[in-house]
Amino acid sequence: MFRDVTFGQYYPVDSFVHRMDARAKLILAVLYLVGIFFINSFVGFAWLTIFLLTAIFVSKVPLKSVIKSIKGILVLLIFTAILNVFFTQEGNLLLSWWIFKIYDEGLKFAAKMMLRLTYLVMGTSLLTLTTTAVDLTHAIESLLKPLSYIKFPVHELALIMSLTLSFIPSLIEETDRIIRAQKARGADFDTGGIGQRVKAFVPILIPLLVSSFRRAEELAFAMNSRCYEGSTKRTQFRVQKFSWRDVVGVLFQLVFFVAIFVVFAMQDSWAHVSWLYF
Amino acid sequence: MSIVVKDLNYVYNPKSPFETRALHNVNLTIEDGEFVAIVGHTGSGKSTFVQHLNALIRVQSGSLVVNGINLHDKKCDLKKVRSLVGMVFQYPENQLFADTVAQDVEFGPKNMGMSQEEIDVCVKNAVELVGLDWETVKNKSPFELSGGEKRRVALAGVLAMQPKVLVLDEPTAGLDPVGKHEILTLVKKLNEEQGVTVIMVSHDMNEVYENARRIIVMKDGAVVYDTTPEDLFALEDEIVKMNLEVPYMAQFCNYLRKHHVKLPKGVRTVDEVLKAVNALKGGSNV
Ligand SMILES: Nc1ncnc2c1ncn2[C@@H]1O[C@H](COP(=O)(O)OP(=O)(O)OP(=O)(O)O)[C@@H](O)[C@H]1O
Ligand SMILES: [Mg+2]
């Protein structure tokens, strides 16, 4: 039942995007996230759509899998939309009913906010769909390396991250197993009031906690008995290398995002081109 | 009343890159009171199959009827099925959660909606059945027991629901020889004295050979053999090809037969073989 989570799940196919260096993808993802906040027109979002669709197409991940990732923030989306619609009091009044007043600017603002959030999540999930968690942690470690000169424990941080990530699948599996075992004893997680449902989770949580502690202890033992020491210089099993793919990928994204930044920077002098800022 | 499986197929994560075909046209019937073992190489679909029996995995295609309940029917009575078919998973001690042994064992019966008097009786009986002393153990925390004791408490938690069918997925994994023997003796007793149908998944061919009266061999999600232990393990070469081992007693009997000792059919234990050989001694030259 927990296997349906798409957000952050690696989609194993071989593609241009999959083969790009994780560090390049990570930097591009950050650029993407920042860039989204410089878009404030529908034309800009259309421009971004072209970029995102191309990237998804090249990654060979089915569009459906990427769109599925929005499911997780659906509530948030609707909530922000409603807030924006009702609390923006600018532009032309479209509708007025009791204490509610809806303005056209409010609708526009809400629509843009929803687009922004949706694209935010779709972009980041494209990163995790095409990059394994292990590669991602290595990339983060490598990018944070400069911080180790000011005694920041980069390696330890990366280790904690990769251990956490590597335990997620086994925790999910364990949870699944415990749920099945308790279901076999007639446990019911789907009916009853809130109180009853919360109580129904005790038989899952306690065994899960017990086994997590046991796993953590066993792991610590195993690492200790092999004299693991984080601070000494360690080499990596998988060497990260930039390739022509990364150059192409970066250039491609730059084309789109330089345009976005330019349009943003020139908004004062180009304001008369109204379609550009609609 | 019995278990009837027809054309059962199951695919994990259909239509995704993780798609795995786990069951392939499984057809079989298990009558009341049978002791059936399911064996097969790892990943052959044993666990997937047995979890169908109490509707933990719902039927994708095919039909499955357990004691007259149609499990392929979306709206069958899940509570009834789960009280009818008790399921003991691998390492069942990992599912213990309550403060005391008594509370943990009564989890199942409580969910089944039994009355408190009934529950008290069932719980006490189940704990004693698995060979633990009720008075000393009832107020202990399940987490302070030894591994073998924990497993017995978990087993009691299933038995307290008084299932008519008991499904065990590798019940003796990770136990010492004495612990193994105790669990198997208990299961056999339930089968023989109370007529509980036992379906046991196991990798230990020796324990299968000694206990089961019928063996189902699975390979890549399909049933490839469904026969008695004696007939199955007479096919030594086939068994080895499927990455299974031949039990010691079967190897021994096969060896004797190869060397022209005319053992009668159906001898399995050391005693039976000894008796047969002694009986043969009179007539032929051993
Ligand atoms: N939850 C799951 N999701 C996806 N695939 C699964 C899942 N559970 C099992 N499988 C796959 O289905 C197939 C059958 O698995 P199953 O667990 O039924 O085998 P098994 O015979 O019980 O093996 P073992 O002896 O190792 O317990 C395997 O190929 C396995 O990888
Ligand atoms: Mg299994």
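Quick notes on this structure:
- Taking the criterion of being among the aliphatic types (A, V, I, L, M) and under 12 Å from A:ALA55 (Cβ atoms), the residues of the stretch A:25-39 that qualify are A:LEU28, A:ALA29.
- When B:TYR91 is tested against the conditions (1) more than 30 Å from B:ILE119 (Cβ to Cβ); (2) within 16 Å of ligand 2 (Cβ to nearest atom), the lone failure is (1).
- Qualifying residue in the stretch B:64-83 (condition: under 25 Å from B:ARG213 (Cα atoms), at the interface with another protein chain (Cβ under 10 Å from one of its Cβ atoms), of a type in the set (S, T, N, Q) and touching a residue at least 24 places away in the same chain (Cβ under 8 Å)): yes
- Looking across A:PHE252, A:PHE237, A:PHE264, A:PHE257, one residue alone is surrounded by 14 or more Cβ atoms within 10 Å (Cβ to Cβ) and more than 21 Å from A:VAL58 (Cα to Cα). It is A:PHE264.
- Evaluating B:ASN70 against the criteria (1) in contact with a Cys (Cβ under 8 Å, 6 or more places away or on another chain); (2) assigned by TED's automatic domain parsing to the domain that holds B:GLY147; (3) at pLDDT 90 or above leaves one unmet condition, (2).
- Condition met for B:LYS6 (surrounded by 17 or more Cβ atoms within 10 Å (Cβ to Cβ), away from chain A (no Cβ under 12 Å) and among the basic types (Lys, Arg)): no
- Residues of the stretch B:17-63 satisfying the condition of being within 14 Å of chain A (Cβ to nearest Cβ), more than 14 Å from ligand 2 (Cβ to nearest atom) and over 19 Å from the mean Cα position of the chain (by Cα): B:PRO17, B:PHE18, B:GLU19, B:ARG58
- Members of the stretch B:10-39 found to be surrounded by 13 or more Cβ atoms within 10 Å (Cβ to Cβ) and either closer than 14 Å to B:LEU71 by Cβ or among the hydrophobic types (A, V, I, L, M, F, W, C) (or both), listed by number: B:TYR10, B:VAL11, B:ALA22, B:LEU23, B:VAL26, B:LEU28, B:ILE30, B:PHE35, B:VAL36, B:ALA37, B:ILE38, B:VAL39
- Taking (1) part of a strand (DSSP E or B); (2) more than 22 Å from B:VAL217 (Cβ to Cβ) in turn, B:ASN27 satisfies each apart from (2).
- Pairing each residue of the stretch B:12-40 that is in the same structural domain as B:ALA212 (by TED's automatic domain parsing) with any residue that is near ligand 1 (Cβ under 10 Å from one of its atoms) and in a strand (DSSP E or B), provided the two are 6+ apart or on different chains, yields C-beta distances under 8 Å for B:ALA37/B:VAL201; B:ILE38/B:VAL201; B:ILE38/B:MET218; B:VAL39/B:VAL201; B:VAL39/B:MET218; B:GLY40/B:MET218; B:GLY40/B:LYS219.
- Residue that is modelled with the lowest pLDDT [pool: residues in the stretch B:5-32 that are within 7 Å of ligand 1 (Cβ to nearest atom) and aromatic (Phe, Trp, Tyr)]: B:PHE18
- Of the helices (runs of 4 or more DSSP H) lying entirely inside the stretch B:193-286, those carrying at least 3 residues that are surrounded by 15 or more Cβ atoms within 10 Å (Cβ to Cβ) and under 16 Å from the mean Cα position of the chain (by Cα) are B:205-211.
- Hits in the stretch B:33-55 - residues which are among the β-branched types (Val, Ile, Thr) and within 13 Å of ligand 1 (Cβ to nearest atom): B:ILE38, B:VAL39, B:THR42, B:THR48, B:VAL50
- Residue match in the stretch B:148-168 (condition: closer than 18 Å to A:ALA181 by Cα, under 17 Å from the mean Cα position of the chain (by Cα), within 16 Å of ligand 2 (Cβ to nearest atom) and at pLDDT 90 or above): yes
- Filter result (farther than 25 Å from B:LEU53 by Cβ, assigned to a helix (DSSP H, G or I) and away from every other protein chain (no Cβ under 13 Å)) within the stretch B:140-181: B:GLY148, B:GLU149, B:PRO177, B:VAL178, B:GLY179, B:HIS181
- Of the criteria (1) within 13 Å of ligand 1 (Cβ to nearest atom); (2) in a loop (DSSP other than H, G, I, E, B); (3) surrounded by 14 or more Cβ atoms within 10 Å (Cβ to Cβ), which one B:VAL59 fails: (1)
The values are calculated or read from the model by the stated rules, or taken from the named source; none is laboratory data. Quick caveat: nothing in here was measured; it's all calculated off a predicted structure. So basically every Cβ, Gly included, is an ideal-geometry build from the backbone, and we count neighbours across all protein chains shown.
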